[in-house]
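Sending over a structure as C-alpha cells; questions will come in a sec.
The values are calculated or read from the model by the stated rules, or taken from the named source; none is laboratory data. Bear in mind the structure is a predicted one, so any value in this text is a computation, not a measurement. Reconstructed Cβ throughout: ideal geometry from the backbone, glycine too, with neighbour counts over all protein chains shown. Quick note on the areas: whole protein, heavy atoms, side chains included, nothing else; ligands and nucleic acids left out. Shrake-Rupley method; radii C 1.70, N 1.55, O 1.52, S 1.80 Å.
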Amino acid sequence: MCARSSAARPTDLVVVDGRIAAGPAPRGAKAVDGGGRIALPSLVDAHIHPDKTIWGGSWVSRKPASGIADYVAQDVELFRNQRRPVAERAYGLMSHAVARGTRAMRAHADVAPAYGLAGAEGVAEARERLRHALDVQIVAFPQHGVVRTPGTAALLERAAREGLVDMIGGIDPIGFDHALDEQLDLVFGIADRHGVGVDIHLHDRGETGLRAMRGIIGRTRALSLAGKVTVSHVFCLPGLSDRELGSVAADLGDQDIALTTVAPSDSLVLPVARLREHGVRVGLGSDGVRDSWSPFGNADMLHRAHLLGWVTDVRLDDELAECYRVAAHGGADVMGLDHADLAPGAPADFVLVRGECLPQVVVDMPRRDVVVHGGVVVARDGEFSTDPVAGGVTGTGG
Ligand SMILES: [Zn+2]
C-alpha cells in the first residue's frame, strides 16, 4: 500500500461499472487527471450518530453531566431546540464525511418514545439523498434503555418490521438498563424475528461488562446469528490479562461477532491486533460528532486513524499503515463490504491525496483532493460535489 513518490510510477486506475478493472481503459472512457497524487482506499466509519449532531448549525454550549441519564436528558432538550430536522442535520454531516473520504458508515439513530422513529427516518432520508456517494447501515439505537423506558421495545420492533433499519441496537444491559436477560432477549428476539443484525453499545467495564458479553455470545450461538452481531466500545476488554482476552476473543471469533472502537484513550481502545489473531472483525468509528454529548468529533476517518495511532503510541511505518487499514478495511469487514483495496474487481472507492506515503498521510492528514465512490467523483478539493462526475482517474498507485 505504501509507495514513496520517488519509487511509485504514476498509473491509471481504470473503472468499469463501479469497480476497478484490469487492463487499459475502454474506448470513450472519461478521464480524470489525478495529478500524480496517492490513491488510497476509501474509509469506513463503523460507528457514528448522525441523528444527534448539530453539524452545520450554531454552536451549542453544553452543561455539566455525569452518567448516561444526564446525557440522555440533554439529548432530548437539544433535539427539541433544533430548528433543522434530523434529515437535514444528518445529511450535512454525512455529506461532509463523504468529502473526507468515507465510503460507508454504520449510523446509530436514537429510537425512544421521546422521538418515536424520527431519528431513524431522518437518517434514512439523508441516506436516500446520498445513495450515489455513501453506503449506510442504520441501527435502531435504544439510547434511553430498552427496559427502563417503556414503549421502546415496541418502537424497535416496528423499525425492524417496517424495514426502516438494518440492525437493532442495545445499551449496557446491566449498568444502564438493570435487566441483563430481559434486554438481550428483547433485542435478539426482534433481530431473530425480522432477520436484521444486532449492534450493542457496551460501556460497562470489568465483570459487569464481561457478564453482558457472555449473554451476547450465548444468544448469538443459540439463535444461529453468527456473523450478524456487533458489540461497540467494549470497555471491559482492554483491561483483561492476555489469557482472559484470548479466551473471550476465541469465543467472539467462533461466533464471528464483530467489535467497533472509537479509540477514545490508551486504556479504552480495543487491542485490535490481538483480537484479529482470533479472526475477530474490528472497525473504527467516530461515535457522536458535535452533539449534546461532546463538542468534539468531525466524521473524518483519516483523523480517526491518526487518533488510533496517537492513543496507541505507534511509531513504525507498518503500525501507522495498519491504523489506516483498520479505518478502511476493518470497518468494511464489520459492515460486510468488499475491501476497496484498489485491486481489479474491488469497489472503485478511493481517495486521492498529495503525500509521500501512507504512514506520512496518517500523520499529516492532507486534504482529500478527489473522492471517488463507485467510479463517480463525489467530492473535490475537500468539498462534497453536488454535481458528481463518472469516469476513471489517473493517479499514483498507493
Ligand atoms: Zn455510540
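Taking N as the number of residues in the chain, what is its alpha-carbon radius of gyration divided by 2.2 N^0.38 Å?
Values: Rg = 20.7 Å, N = 398, 2.2 N^0.38 = 21.4 Å.
Compared with the compact-globule rule of thumb, the chain sits at 0.97.
Find how many whole Å separate the alpha carbon centroid of segment 233-284 from the alpha carbon centroid of segment 81-95.
Going from one Cα centre to the other spans 33 Å.
With contacts defined as alpha carbon pairs under 8 Å and 6 or more residues apart, what's the relative contact order of the chain in percent?
Answer for the chain is 27 percent.
While we're on this one: Could you let me know the centre-to-centre spacing of segment 368-389 and segment 27-56, using Cα atoms, in angstrom?
7 Å
Which number do you get for Rg(Cα) / (2.2 N^0.38 Å) in segment 48-96?
Working: Rg = 11.3 Å, N = 49, 2.2 N^0.38 = 9.7 Å.
Here the answer is 1.17, to two decimals.
Same structure, new question: Need the list of lysines near LYS228 for cross-linking: C-alpha distance under 18 angstrom, and skip anything on the same chain fewer than eight residues off.
Cross-link targets: none qualify.
About the Cα centre of segment 79-172, what is the dipole size in debye to 20, counting +1 per Lys and Arg Cβ and -1 per Asp and Glu Cβ, all else neutral?
300 debye
Could you provide, to the nearest whole Å², the per residue accessible area of the chain with probe 1.4 Å?
Using a 1.4 Å probe on heavy atoms only, each residue of the chain averages 40 Å².
Using a Gaussian network model of the chain whose springs link C-alpha atoms within less than 10 Å, name the residue from ARG27, ARG211, ARG89 with the highest mean-square fluctuation.
Comparing ARG27, ARG211, ARG89 in the GNM, the peak value goes to ARG27.
Compute the long axis of helix 152-161 from its Cα atoms, compare it with the longest principal axis of the Cα atoms of the chain, and write down the angle in degrees, 0 to 90, nearest 10.
40 degrees
Taking the Cα centre of segment 155-285 as origin, work out the dipole magnitude from +1 charges on Lys and Arg Cβ and -1 charges on Asp and Glu Cβ, in debye rounded to 20.
So the dipole magnitude of segment 155-285 works out to roughly 240 debye.
About the Cα centre, and with charges only on the beta carbon of Lys, Arg (+1) and Asp, Glu (-1), how big is the dipole of the chain? Nearest 20 debye, please. Let's see the in-between values first.
Values: 41 positive and 51 negative charges, 152 e Å.
Dipole about the Cα centre, nearest 20: 720 debye.
Specify the inter-centroid distance of segment 144-184 and segment 215-231, based on alpha-carbon positions, in whole Å.
The distance from the Cα centre of segment 144-184 to that of segment 215-231 comes to 16 Å.
Given 4 °C and 1.567 mPa s, compute D for segment 149-225 with the Stokes-Einstein relation, Rh being the Kirkwood radius over Cα pairs; round to the nearest whole µm²/s. If you can, show how the numbers build up before the last one.
Numbers: Rh = 12.5 Å.
Answer, rounded: 103 µm²/s.
At 1.4 Å probe size, with the rest of the protein present, what percent of the exposed accessible area of segment 167-229 is carbon and sulfur atoms?
For segment 167-229, the apolar C and S fraction of the accessible surface comes to 49 percent.
With the crude spin-label approximation of a point 7 Å out along Cα→Cβ, what separation in nm comes out for ALA73 versus LEU223?
Distance between label points: 3.3 nm.
Per residue and in Å³, how big is the convex hull formed by the alpha-carbon atoms of segment 313-389?
Values: hull volume 8.5 nm³, N = 77.
That works out to 110 Å³ per residue.
Can you give me the angle between helix 242-254 and the longest principal axis of the chain, using Cα atoms only, in degrees from 0 to 90, rounded to the nearest 10?
80 degrees
Where does segment 136-286 land on Rg(C-alpha)/(2.2 N^0.38 Å)?
Numbers: Rg = 14.4 Å, N = 151, 2.2 N^0.38 = 14.8 Å.
Scaled against compact globular proteins, the figure is 0.97.
Can you tell which of ALA22, MET213, PRO295 lies farthest toward the positive end of the dipole of the chain, using +1 and -1 charges on the Cβ of basic and acidic side chains (Lys, Arg; Asp, Glu)?
The residue sitting most towards the positive pole is ALA22.
Right, next: Length gain on complete extension for the stretch VAL363 to SER241, per 0.36 nm per residue less the alpha carbon to alpha carbon distance?
Gain in length upon complete extension: 40.9 nm.
Report the equivalent ellipsoid semi-axes for segment 256-398 in whole Å, largest first, defined as the square roots of five times the eigenvalues of the gyration tensor built from alpha carbon atoms.
Result for segment 256-398: semi-axes of 25, 18, 16 Å.
While we're here: Find which of VAL363, HIS203, VAL234 sits farthest along the positive direction of the dipole of the chain, computed with +1 on the beta-carbon of Lys and Arg, -1 on that of Asp and Glu, about the Cα centre.
About the Cα centre, the residue reaching furthest to the positive side is VAL363.
Return P(r) of segment 39-190 (all Cα-Cα pairs; 5 Å bins starting at 0; whole %; ordered from short to long distances).
2, 10, 19, 21, 19, 15, 10, 4, 1, 0
Multiply the residue separation of ARG131 and ARG84 by 0.36 nm, subtract the distance between their alpha-carbon atoms, and state the gained length in nm to one decimal.
14.8 nm
Taking the Cα atoms only, what angle lies between the long axis of helix 86-99 and the longest principal axis of the chain, rounded to 10 degrees?
40 degrees
Taking segment 202-278 as the region of interest, what is the percent of Cα-Cα pairs per 5 angstrom bin, listed from the shortest bin to the one with the maximum distance?
3, 16, 30, 29, 16, 4, 1
Net charge near ASP75, counting Lys/Arg +1 and Asp/Glu -1 over other residues with Cβ under 9 Å of its Cβ?
On the way: positive: LYS52; negative: GLU77, ASP110, ASP291.
Within the 9 Å Cβ shell, the charges total -2.
Still on this structure, I have one more. Applying a 10 Å radius around every beta-carbon, put 99-111, 340-352, 282-294, 259-271 in order of their mean neighbour count, most first.
The most tightly packed comes first, giving 99-111, 282-294, 340-352, 259-271.
With each pseudo-label sitting 7 Å past Cα toward Cβ, what's the ASP387-ASP12 distance in nm, one decimal?
About 2.6 nm separates the two model spin labels.
In segment 57-151, with Lys and Arg counted as +1 and Asp and Glu as -1 at Cβ, which of these residues, GLN74, VAL60, HIS144, has the Cα nearest the positive end of the dipole, that is, farthest along it?
Most positive-ward Cα: VAL60.
Multiply the residue gap between ARG62 and LEU316 by 0.36 nm, knock off their C-alpha separation, and tell me the result in nm, one decimal place.
Roughly 87.6 nm would be gained on extension.
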